[in-house]
1. For R155 and A62, calculate 0.36 nm times their separation in residues minus their Cα-Cα distance, and state this gained length in nm to one decimal.
2. Rounded, prolate or oblate: which fits segment 135-179 when a ≥ b ≥ c are the square roots of the eigenvalues of the alpha-carbon gyration tensor, with rounded for a/c under 1.5 and prolate only if a/b beats b/c?
3. Return the FRET efficiency for the residue pair T139, Q78: r is the Cβ-Cβ distance, R0 is 30 Å, and the value is rounded to the nearest 0.05.
4. Using the Cα centre of segment 33-98 as origin and beta-carbon charges of +1 (Lys, Arg) and -1 (Asp, Glu), tell me which of L82, G94, A35 is placed farthest towards the positive end of the dipole.
5. Under 10 Å, Cα contacts only: if you run a Gaussian network model on the chain, which one of L14, L173, L28 comes out with the highest mean-square fluctuation?
6. Within 10 Å of each candidate Cβ there may be at most 13 other Cβ atoms; applying that plus a DSSP loop requirement, which chymotrypsin sites (Phe, Trp or Tyr not before Pro) in segment 1-101 survive?
7. How high is the FRET efficiency from E2 to I132, r the C-beta distance, R0 30 Å, rounded to 0.05?
8. When the chain is fully extended, how far beyond the present Cα-Cα distance does N40 get from A176, taking 0.36 nm per residue of separation?
Amino acid sequence: TEDSMKAGEGIYRLTTRLHTSSAEAAQLSRMFSLAGTDINAITPLFARLDKQVEAAGEKGNATTDAMARFGIALKDQQGNLLPINEQLAQLAKGYKNASESGQEEAYTAEVLGARGAALVPVLEQYTDLMEISAHVKTTGLLNPEEAHQAYLKWREMEMEAGQLKLALGSALLPVAEDLMPDVIIGFQSIIESIHDNKDGIEELASVVGTFASTAVDVLGS
(Lines give C-alpha, C1' and ligand atoms only; values in the text may rest on other atoms or scores of the structure.)
Protein backbone atom coordinates (compact mmCIF):
# COMPACT_ATOMS: atom_id res chain seq x y z
CA THR A 1 0.00 0.00 0.00
CA GLU A 2 3.01 2.35 0.23
CA ASP A 3 2.72 3.61 -3.37
CA SER A 4 -1.00 4.30 -2.93
CA MET A 5 -0.40 6.16 0.30
CA LYS A 6 2.34 8.30 -1.22
CA ALA A 7 0.29 9.02 -4.35
CA GLY A 8 -2.70 10.03 -2.23
CA GLU A 9 -0.49 12.15 0.02
CA GLY A 10 0.86 13.95 -3.06
CA ILE A 11 -2.65 14.72 -4.31
CA TYR A 12 -3.74 15.83 -0.82
CA ARG A 13 -0.87 18.30 -0.61
CA LEU A 14 -1.64 19.67 -4.05
CA THR A 15 -5.27 20.28 -3.15
CA THR A 16 -4.20 22.35 -0.14
CA ARG A 17 -1.41 24.20 -1.93
CA LEU A 18 -3.38 24.98 -5.07
CA HIS A 19 -6.80 25.32 -3.40
CA THR A 20 -8.39 23.00 -5.92
CA SER A 21 -10.42 19.79 -5.93
CA SER A 22 -8.87 16.33 -5.70
CA ALA A 23 -9.95 15.51 -9.27
CA GLU A 24 -8.34 18.67 -10.69
CA ALA A 25 -5.18 18.16 -8.62
CA ALA A 26 -4.90 14.56 -9.84
CA GLN A 27 -5.30 15.61 -13.49
CA LEU A 28 -2.71 18.38 -13.11
CA SER A 29 -0.34 15.92 -11.44
CA ARG A 30 -0.72 13.45 -14.32
CA MET A 31 -0.17 16.20 -16.87
CA PHE A 32 3.02 17.44 -15.21
CA SER A 33 4.28 13.85 -14.91
CA LEU A 34 3.73 13.37 -18.65
CA ALA A 35 5.85 16.47 -19.29
CA GLY A 36 8.57 15.22 -16.94
CA THR A 37 8.13 18.25 -14.65
CA ASP A 38 7.69 18.27 -10.88
CA ILE A 39 4.45 20.12 -10.16
CA ASN A 40 5.52 20.77 -6.56
CA ALA A 41 8.46 22.82 -7.83
CA ILE A 42 6.05 25.00 -9.82
CA THR A 43 3.43 25.79 -7.16
CA PRO A 44 5.38 28.81 -5.79
CA LEU A 45 5.12 30.36 -9.26
CA PHE A 46 1.33 30.48 -9.08
CA ALA A 47 1.48 32.00 -5.60
CA ARG A 48 3.85 34.70 -6.90
CA LEU A 49 1.70 35.45 -9.95
CA ASP A 50 -1.45 35.67 -7.81
CA LYS A 51 0.31 38.06 -5.45
CA GLN A 52 1.52 40.23 -8.35
CA VAL A 53 -1.95 40.35 -9.91
CA GLU A 54 -3.64 41.17 -6.60
CA ALA A 55 -1.14 43.93 -5.82
CA ALA A 56 -1.27 45.48 -9.31
CA GLY A 57 -4.39 47.56 -8.73
CA GLU A 58 -5.76 49.69 -11.56
CA LYS A 59 -2.36 51.01 -12.66
CA GLY A 60 -0.87 47.53 -13.05
CA ASN A 61 2.75 46.52 -12.69
CA ALA A 62 5.51 44.96 -14.79
CA THR A 63 4.06 41.46 -14.49
CA THR A 64 0.47 42.38 -15.35
CA ASP A 65 1.66 44.60 -18.21
CA ALA A 66 3.62 41.66 -19.64
CA MET A 67 0.61 39.38 -19.22
CA ALA A 68 -1.63 41.84 -21.04
CA ARG A 69 0.89 42.04 -23.88
CA PHE A 70 0.75 38.27 -24.33
CA GLY A 71 -3.04 38.07 -23.95
CA ILE A 72 -3.15 36.55 -20.44
CA ALA A 73 -5.93 37.25 -17.95
CA LEU A 74 -5.73 35.60 -14.53
CA LYS A 75 -8.93 37.24 -13.24
CA ASP A 76 -12.54 36.75 -14.26
CA GLN A 77 -14.94 39.58 -15.18
CA GLN A 78 -15.81 40.09 -11.50
CA GLY A 79 -12.15 40.61 -10.64
CA ASN A 80 -11.67 37.27 -8.90
CA LEU A 81 -8.61 35.13 -9.46
CA LEU A 82 -9.24 32.19 -11.77
CA PRO A 83 -8.89 28.60 -10.49
CA ILE A 84 -5.42 27.14 -10.92
CA ASN A 85 -6.33 24.97 -13.93
CA GLU A 86 -7.77 28.00 -15.75
CA GLN A 87 -4.70 30.06 -14.85
CA LEU A 88 -2.54 27.36 -16.40
CA ALA A 89 -4.66 27.45 -19.56
CA GLN A 90 -4.18 31.23 -19.73
CA LEU A 91 -0.42 30.89 -19.30
CA ALA A 92 -0.36 28.27 -22.06
CA LYS A 93 -2.31 30.62 -24.36
CA GLY A 94 0.16 33.40 -23.58
CA TYR A 95 3.12 31.15 -24.32
CA LYS A 96 1.59 30.17 -27.65
CA ASN A 97 1.14 33.85 -28.55
CA ALA A 98 4.74 34.53 -27.54
CA SER A 99 5.99 31.58 -29.56
CA GLU A 100 4.14 32.69 -32.68
CA SER A 101 5.79 36.11 -32.46
CA GLY A 102 9.22 34.72 -31.56
CA GLN A 103 9.18 36.14 -28.03
CA GLU A 104 9.49 32.96 -25.96
CA GLU A 105 12.51 34.28 -24.05
CA ALA A 106 10.79 37.57 -23.25
CA TYR A 107 7.70 35.69 -22.08
CA THR A 108 9.76 33.43 -19.82
CA ALA A 109 11.72 36.32 -18.33
CA GLU A 110 8.85 38.78 -17.88
CA VAL A 111 5.97 36.48 -16.94
CA LEU A 112 7.38 33.25 -15.54
CA GLY A 113 10.67 34.43 -14.12
CA ALA A 114 13.75 32.30 -13.52
CA ARG A 115 12.00 29.88 -11.15
CA GLY A 116 9.02 29.51 -13.46
CA ALA A 117 11.10 28.48 -16.46
CA ALA A 118 10.50 24.82 -15.52
CA LEU A 119 6.87 25.34 -16.53
CA VAL A 120 7.82 25.84 -20.20
CA PRO A 121 7.73 22.11 -21.17
CA VAL A 122 4.14 21.98 -19.90
CA LEU A 123 3.08 25.15 -21.70
CA GLU A 124 4.67 24.02 -24.96
CA GLN A 125 2.55 20.85 -25.06
CA TYR A 126 -0.38 22.00 -22.95
CA THR A 127 -3.21 20.94 -25.30
CA ASP A 128 -1.74 17.49 -26.01
CA LEU A 129 -0.89 16.89 -22.35
CA MET A 130 -4.39 17.84 -21.21
CA GLU A 131 -5.94 15.54 -23.79
CA ILE A 132 -3.76 12.59 -22.81
CA SER A 133 -4.28 13.25 -19.10
CA ALA A 134 -8.04 13.39 -19.55
CA HIS A 135 -8.03 10.05 -21.40
CA VAL A 136 -5.93 8.19 -18.82
CA LYS A 137 -8.17 5.61 -17.19
CA THR A 138 -8.30 5.89 -13.42
CA THR A 139 -9.70 3.41 -10.92
CA GLY A 140 -11.48 5.99 -8.77
CA LEU A 141 -10.35 4.07 -5.69
CA LEU A 142 -7.83 6.59 -4.38
CA ASN A 143 -9.18 8.83 -1.61
CA PRO A 144 -6.53 11.52 -0.91
CA GLU A 145 -7.89 12.35 2.55
CA GLU A 146 -7.80 8.70 3.65
CA ALA A 147 -4.40 8.24 2.02
CA HIS A 148 -3.10 11.29 3.92
CA GLN A 149 -4.23 9.88 7.26
CA ALA A 150 -2.79 6.46 6.42
CA TYR A 151 0.48 8.11 5.32
CA LEU A 152 0.83 9.88 8.70
CA LYS A 153 0.36 6.54 10.48
CA TRP A 154 2.85 4.97 8.07
CA ARG A 155 5.45 7.62 8.94
CA GLU A 156 4.85 6.99 12.64
CA MET A 157 5.30 3.27 12.10
CA GLU A 158 8.51 3.89 10.13
CA MET A 159 9.88 5.95 13.02
CA GLU A 160 9.06 3.23 15.53
CA ALA A 161 10.57 0.61 13.21
CA GLY A 162 13.64 2.80 12.89
CA GLN A 163 14.10 2.78 16.64
CA LEU A 164 13.75 -1.00 16.67
CA LYS A 165 16.25 -1.27 13.82
CA LEU A 166 18.77 0.84 15.73
CA ALA A 167 18.33 -1.26 18.86
CA LEU A 168 18.71 -4.54 17.00
CA GLY A 169 21.59 -3.16 14.96
CA SER A 170 23.47 -2.09 18.08
CA ALA A 171 22.97 -5.52 19.65
CA LEU A 172 24.10 -7.31 16.50
CA LEU A 173 27.18 -5.21 15.78
CA PRO A 174 29.60 -7.89 17.09
CA VAL A 175 27.91 -10.52 14.87
CA ALA A 176 28.08 -8.23 11.82
CA GLU A 177 31.75 -7.58 12.47
CA ASP A 178 32.40 -11.33 12.40
CA LEU A 179 30.32 -11.91 9.25
CA MET A 180 31.49 -9.01 7.06
CA PRO A 181 34.88 -10.46 6.04
CA ASP A 182 33.16 -13.59 4.66
CA VAL A 183 30.54 -11.46 2.88
CA ILE A 184 33.26 -9.32 1.27
CA ILE A 185 35.06 -12.45 0.08
CA GLY A 186 31.75 -13.73 -1.34
CA PHE A 187 31.22 -10.52 -3.32
CA GLN A 188 34.78 -10.64 -4.63
CA SER A 189 34.21 -14.24 -5.74
CA ILE A 190 31.02 -13.27 -7.64
CA ILE A 191 32.81 -10.38 -9.38
CA GLU A 192 35.70 -12.64 -10.40
CA SER A 193 33.25 -15.26 -11.67
CA ILE A 194 31.46 -12.69 -13.82
CA HIS A 195 34.77 -11.41 -15.17
CA ASP A 196 35.99 -14.92 -16.00
CA ASN A 197 32.74 -15.83 -17.75
CA LYS A 198 32.14 -12.53 -19.55
CA ASP A 199 31.87 -14.14 -22.99
CA GLY A 200 29.35 -16.71 -21.81
CA ILE A 201 27.24 -14.06 -20.10
CA GLU A 202 27.24 -11.88 -23.25
CA GLU A 203 26.23 -14.92 -25.32
CA LEU A 204 23.41 -15.68 -22.87
CA ALA A 205 22.19 -12.06 -23.14
CA SER A 206 22.14 -12.37 -26.92
CA VAL A 207 20.17 -15.62 -26.76
CA VAL A 208 17.65 -14.11 -24.30
CA GLY A 209 17.26 -11.06 -26.55
CA THR A 210 16.64 -13.22 -29.62
CA PHE A 211 14.14 -15.34 -27.69
CA ALA A 212 12.26 -12.27 -26.48
CA SER A 213 12.11 -10.82 -30.00
CA THR A 214 10.87 -14.13 -31.40
CA ALA A 215 8.26 -14.42 -28.64
CA VAL A 216 6.94 -10.94 -29.50
CA ASP A 217 6.73 -11.88 -33.19
CA VAL A 218 4.84 -15.09 -32.39
CA LEU A 219 2.41 -13.31 -30.07
CA GLY A 220 1.87 -10.63 -32.70
CA SER A 221 0.98 -13.28 -35.25
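The values are calculated or read from the model by the stated rules, or taken from the named source; none is laboratory data. Predicted model only: the values in this text are computed from it and were never measured. Every residue, glycine among them, receives a Cβ derived from its backbone with ideal geometry; neighbour counts consider all protein chains shown. Just the protein is used for accessible areas: all its heavy atoms, side chains included, with ligands, DNA and RNA removed. Shrake-Rupley method; radii C 1.70, N 1.55, O 1.52, S 1.80 Å.
1. Numbers: separation 93, 0.36 × 93 = 33.48 nm, distance 4.42 nm.
Full extension from R155 to A62 adds 29.1 nm.
2. Working: a/c = 8.52, a/b = 2.72, b/c = 3.13.
Taking the square roots of the gyration eigenvalues as a ≥ b ≥ c, segment 135-179 is oblate.
3. Details: r = 37 Å, r/R0 = 1.25.
Efficiency, from the Cβ-Cβ distance: 0.20.
4. The one lying farthest along the dipole's positive direction is G94.
5. L173
6. On the way: sites: Y12, F32, F46, F70, Y95; in loops: F70.
Here no chymotrypsin sites (Phe, Trp or Tyr not before Pro) fit, given the DSSP loop and packing criteria.
7. Result of the calculation: an efficiency of 0.70.
8. Values: separation 136, 0.36 × 136 = 48.96 nm, distance 4.11 nm.
Separation in residues times 0.36 nm, less the Cα-Cα distance, equals 44.9 nm.
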